[in-house]
Each structure stands twice: as structure tokens, then as C-alpha cells.
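Student: Mind having a look at this structure? Questions to follow.
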Amino acid sequence: MTTDRRNRGHERPNTRIAIMWLVVSAIFLAAGWQRLQQGQFPDPDDAMRLVQVRDLLAGQSWFDLHQYRLGSSDGVLMHWSRLVDIPIALVVLILSPIIGVAAAESSAMVAVPLMTLGAILFVLGRLAWRLFDADIAGYACLCIGLLAPVVFQLQPMRLDHHGWQIFTIVLALWAISIRSPLKGGAIAGIAMAVGASISVEILPMAAAFGALLVLRWLRNRDERWWLVSYMQALALSLCVVFLATRGITDLANHCDAIAPAHLGFFIIAAIGTGVIAAAPKVPPIALIGLLGLTGMAALSFFGLSAPTCLAAPFAELDPAVRNFWYLNISEGRPLWEQDLWTALPSFLQLLISLGAALMLFVGSRDWLRQWWGEYAMLLLASIILSVFVWRSAAFAGALSAIPLAWLAARLLAAIRHTSGAASKAVGAIAIILILLPATPITLYRSFAAKPEIPPTSAVADSRCDIQDHAEKLANLETGRILAPLDIGPSILLKSGHSVLATSHHRAEMAMRDVIVAYTSVPAEARPILRDRDIDYVVMCTDLVEPKLYADANPDGLAAKLLAGESPEWLEPVVMDGPKEFQVWRIR
């Protein structure tokens, strides 16, 4: 920051941010126009989210999170939060009387992700303006549209919860930059509570914010109220959101969602932090010890209340579910298990941003030097998290936008002030590689020989076009369907049928039966289908999931169906659709 923002009244950052939101939104819409026309969701979870909203608007209780067309006749209790359903439901409710339900849902698929994008850009843009100027605020907004892990979570039709979690992280980042410890800590705590209530995968970032505020306390005792207000707002808000969205009907200690054990942990931590802050001053080493004891007390309560939750996530999954499902959900796996041609450019972009943040730290003085040191710490924490859970690269990407914007602006200024053509070219190439690091790989692939098209893992890319053709299943008598896990949500969305399982781990035993049925020989698969009251079998034959089942057992049901050798107890149903869309009725 070179000037006090209060002396820059002529600047209009909000106008610049709004323009960049329109530009980035237009880019997103243009890039995804074909998918929008086809109604193809980026991920099966987006279809499942719309199913959940439909059930809510159809009269299912706000506190009832069961999906009753999934698993057994009792349904499956989902681990998702109603908070994410609210904006989708509001758009549908407001527009349905005007344009009809179908058009209102389509509008929500576009409006809600872009509204989330707008909220993120507003917070980041205002923070960038506060730290620099309106130009860099605009560049930061543009950078959000160039960070692939963030773009995926904010594109039109992306209804799942990750976009809102990104918003809570940037809101907490903005909150810790304001001058008031009580106000800033409270806003950050509320933001992290909302993010954790949406999904517990954000808890490592909540811990990172807490660690940063501990450092502020250690550096200056007068800043201890940052941590106190953060922890108390976090604990109180978690309790409020839990009661508002879960009620008291489900008090089980689930490990995959905020539960009473989590609430107890944060309440104990908040009370302990407040007591330590109110006590007389102690040496830093003693303060660390007291905060550590508070953390141990909170963790002991959590461990006694929910001992199974101390294990690694999904540690107790059924082996079949773990091997065929969990280990193949690439976004939830580490960086080194990704397609490195795709992941490494994005990861390099995060590292460049971290380098820019460190440059700002070294080149700043006084409070601004402290701020950029804290910023770099948060960014480093998010990058480390993304190494182990690649989906979290979206969090790191959002935090990367401002340092990348500053670096790009610095390079642009260097290009303007240099006279040599070679220097200008080098600067331009550097900007391209910083903002679009995948450019060399894209160019290489565009000129390289085109390989044979392999089976796809993305439902949206399947020639089966399940999103359209699942509607034709409505012409069949309503029943329960055995289908690959990834196409289950589309079947639920487009028809009145039930499915045995989808890629949602609370239906673990149903998921196991899907996997075992497809990998067993037909004679052994039939009793499983009979016990589960299955009426139809549906497959998209070009997806990688059926291929995994077929590779596991060349004599199994999936392998036979892919080879066109259906057992005698399956009757092919002729459907007007591509050859990849196959349906059988159980005789």
C-alpha cells in the first residue's frame, strides 16, 4: 500500500469489480455454453444437489436430510448442509411463478454459481484495493477466472458446496485485515463456522486462521482479543448453524459433518482461550503451554465422544468401496495421484503466488510486512493442504489471486518502461506463463498426434449423454435401478426411479452391493439384485467406472454387459438413444 485508501476517494473499486465480474462471467458462460445447452452438470454432486432442493421444495422437512430414493426403502441420510440449498431454492421459488419450474431451475444453475463468484470477487477486490489500488483490484478479479481449480468450482451449473466454502475463506481473510480485533475476529470466526457447517473439509483452514491469530497474540499481548473473538464466534456460530440446519433430531456423532462432538471441542477451546486471555500476562512459552493444554482438553473431549473420528477419513470403508470408489475419486486424492499434465501447471501457479507474497513481505515495512508474512503463512497452509487433498487447491487458488495480480501488474509496468523488443517479449511470455501456466502443454497437445479416445471418467463428457436420456427411463414402470455410482444422481434427477447407490459414502453397504454385483459372475450377481429389489440395470458403457468393474473380473456382470453378452435373466430394453446408453429389465 503506497497511499492511505481514505485519500483515494476518486477511485471507484466497486465499479471496477463489477465490470470484472461481468467479464469473468461472460468468459465462463462462453466456455460452458455447449454444456449449458445440453444441461450437463460438471459433476454428479451438482445433480444430486438439485435433487435435494427439489425434495425440499416438494415438502420434505428442512431438518430431514434423507434421500429416500437412494439405498434401501428407508433412504440414506446425506451429510450435506441445507445452507447451500437456500440460494438455489430461493431462485427457483422466485422465478417459478414467472417462467415455470424447469426454466427457474435452469436459471438457478447459472445464477447461483455466478452469484457466488460475484461475492468472492467483491471481497477479494475490496481487499486488493485496500492493499494496492483499483487496477490491481481488477487484476485480482481477473486472476480468479484464470485459476483452474477455482474456475471449476465456480462455473455455471456447479451447484455443489465448494464455491461457498471458497467465499467463507476469502471473507475470513478480509476480516483479519481490518483494524478491530473484536469485529475482525468475530467475522472470521463466523465465516469459518459457516464454511465448516457446509463441509468439515474446511477445518484445516480454520485451524490455520487460528494459528495465525495465536502468532499475533505471541507477538503482542494486546492483540490476544483477535483469537478470543475468533474462537468464541466460531464456537457460538457452529452451535447456531447446527441448531438451525440440523435441529435436535440427529445428535449422532458423525465424522463427516459438524456433530455434537465437534461443538464440544470448539466450546471448550473457546472458553479456555477466553480464560487465558483474561488471566495475568505470562511468558510466551507458558502461553503456548496453556493454549496447548486447552487444545488437549478439547481434543480429549472429542476423542472420548467420537473415538472413531480420530482415525483417518474413510479409514473404515469396506475394502471394495475403498478400492473401486474412494481411490478413484481423484479430486479427493493427493497431488501425486493426479494427472500431472493437468495438475502441475496449476500447482506451479500457486507456488508462483507464494513467491510473490514473500516478495511483498520482504519489500514491505512495519504493519504491512507483518500482514504479508501472515498472508504467506495462510497461502502456504492452503498449498500444503492441496498437496494431500487436491480439491483444496481451490482454496489456495482464491488466496493466490491478489499476489498474482500484483506480480502481473509489476511485469506489465516493466514492459511499459522497457524499450527493447526482446525485453518486452520476455515480459509478455512471463505474464502468460504466470496467468496461463498450462499454455505450453496446450500448445504441445494441439500439435501432437491425437490418441484413441479412451473411456471417460467424467459423466459430462460421456457419449451416453445420461442427462438427456435418463428422462426416457420415465417411460418405464417406476422401480429401483442398479447403475454405476456416477450416473445415479442423473437418474434421480431426470426420472422417478430409485437407484441402489450413488457416490455418497453414507450409503456404503449399498455402494458395496453395486460394486460386488458388477464384479461378480452373473449367477452370483442375481441374488444381490433380488435381495435389493432391483428392477432394472442401466449402464453408460463408455464411462471408466464399468471398465474398472470389467477389468476386475473378465467373467463378471459388467464385463459381460460391455461385451454384449447379457445373461438370460436380463431382458434388453430398446431405448431411443446412443449405443452407449444401455438398459435391461430383470425378468
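Student: Among (1) within 30 Å of P546 (Cα to Cα); (2) touching a Pro at 6+ places or on another chain (Cβ under 7 Å), where does G397 come up short?
Tutor: Evaluating G397 over (1) within 30 Å of P546 (Cα to Cα); (2) touching a Pro at 6+ places or on another chain (Cβ under 7 Å) leaves (1) as the failure.
Student: Where residues in region 356-369 are in contact (Cβ under 8 Å) with a residue 24 or more places away in the chain and surrounded by fewer than 17 Cβ atoms within 10 Å (Cβ to Cβ), which of them is farthest from G397 (Cα to Cα)?
Tutor: Across region 356-369, the extreme among qualifying residues is L368.
Student: Then there is this: Taking into account only those residues within region 223-250 that are charged (D, E, K, R) and part of a helix (DSSP H, G or I), which is surrounded by the fewest Cβ atoms within 10 Å (Cβ to Cβ)?
Tutor: E223
Student: May I pose another question? Show the residue pairs that are 6+ apart or on different chains and have beta-carbon atoms under 6 Å apart, the first residue being within region 462-475 and farther than 13 Å from V573 by Cα, the second being β-branched (V, I, T).
Tutor: From residues that are farther than 13 Å from V573 by Cα, the pairs are S462/T456; I466/I487; A470/I491.
Student: Return the residues of region 278-317 that are modelled with pLDDT under 95 and buried (at least 17 other Cβ atoms within 10 Å of the Cβ); say none if nothing qualifies.
Tutor: A306, C309, F314, L317
Student: Another one. When you scan region 557-575, do you find a residue that is in contact with a helix residue (DSSP H, G or I) (Cβ under 9 Å, 6 or more places away or on another chain), within 26 Å of Q40 (Cβ to Cβ) and of a type outside the set (A, V, I, L, M, F, W, C), even just one?
Tutor: No, region 557-575 contains no residue that is in contact with a helix residue (DSSP H, G or I) (Cβ under 9 Å, 6 or more places away or on another chain), within 26 Å of Q40 (Cβ to Cβ) and of a type outside the set (A, V, I, L, M, F, W, C).
Student: A follow-up question, please. List every residue pair whose Cβ atoms sit under 6 Å apart, with the two residues 6 or more apart in sequence or on different chains, where the first one lies in region 401-414 and is under 19 Å from S382 (Cα atoms) and the second, anywhere, is surrounded by 18 or more Cβ atoms within 10 Å (Cβ to Cβ) and among the aromatic types (F, W, Y).
Tutor: Short answer, once both residue conditions are applied: A405/Y139.
Student: Filtering region 313-362 down to residues that are assigned to a helix (DSSP H, G or I) and among the aromatic types (F, W, Y), which residue is nearest to A148 (Cα to Cα)?
Tutor: F347
Student: What pairs can you find where one residue is in region 40-55 and free of Cβ contacts under 8 Å to residues at least 24 places away in the same chain and within 15 Å of K494 (Cβ to Cβ), the other is outside any helix (DSSP H, G or I) and among the polar types (S, T, N, Q), and their Cβ atoms are less than 8 Å apart, with a gap of 6+ or different chains?
Tutor: Listed pairs, sorted by first residue: D55/Q67.
Student: Give the residues of region 363-402 that are under 19 Å from R216 (Cβ atoms) and either among the aromatic types (F, W, Y) or not in a helix (DSSP H, G or I) (or both), sorted by residue number.
Tutor: Hits for region 363-402 are S364, R365, W367, W371, W372, Y375.
Student: I've got another one for you. Kindly evaluate A286 against the criterion of being free of Cβ contacts under 8 Å to residues at least 12 places away in the same chain and outside any helix (DSSP H, G or I).
Tutor: When the stated conditions are applied, A286 does not pass them.
Residue-by-condition table, conditions (1) of a type outside the set (A, V, I, L, M, F, W, C); (2) at pLDDT below 95:
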site	(1), (2)
I453	no, yes
R463	yes, yes
A470	no, yes
S490	yes, yes
V499	no, no
H504	yes, yes
A507	no, yes
I515	no, no
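Student: Collect the residues in region 529-564 that are over 17 Å from T502 (Cα atoms), without any contact (Cβ under 8 Å) to a residue 60 or more places away in the chain and not hydrophobic (A, V, I, L, M, F, W, C), keeping them in residue-number order.
Tutor: Once the filter is applied, which keeps residues that are over 17 Å from T502 (Cα atoms), without any contact (Cβ under 8 Å) to a residue 60 or more places away in the chain and not hydrophobic (A, V, I, L, M, F, W, C), region 529-564 yields R530, D531, D551, N553, P554, D555, G556, K560, G564.
The values are calculated or read from the model by the stated rules, or taken from the named source; none is laboratory data. From a predicted model like this one, the values you see are computed outputs, not experimental measurements. Backbone-built Cβ (ideal geometry, glycine too); neighbour counts: all protein chains shown.
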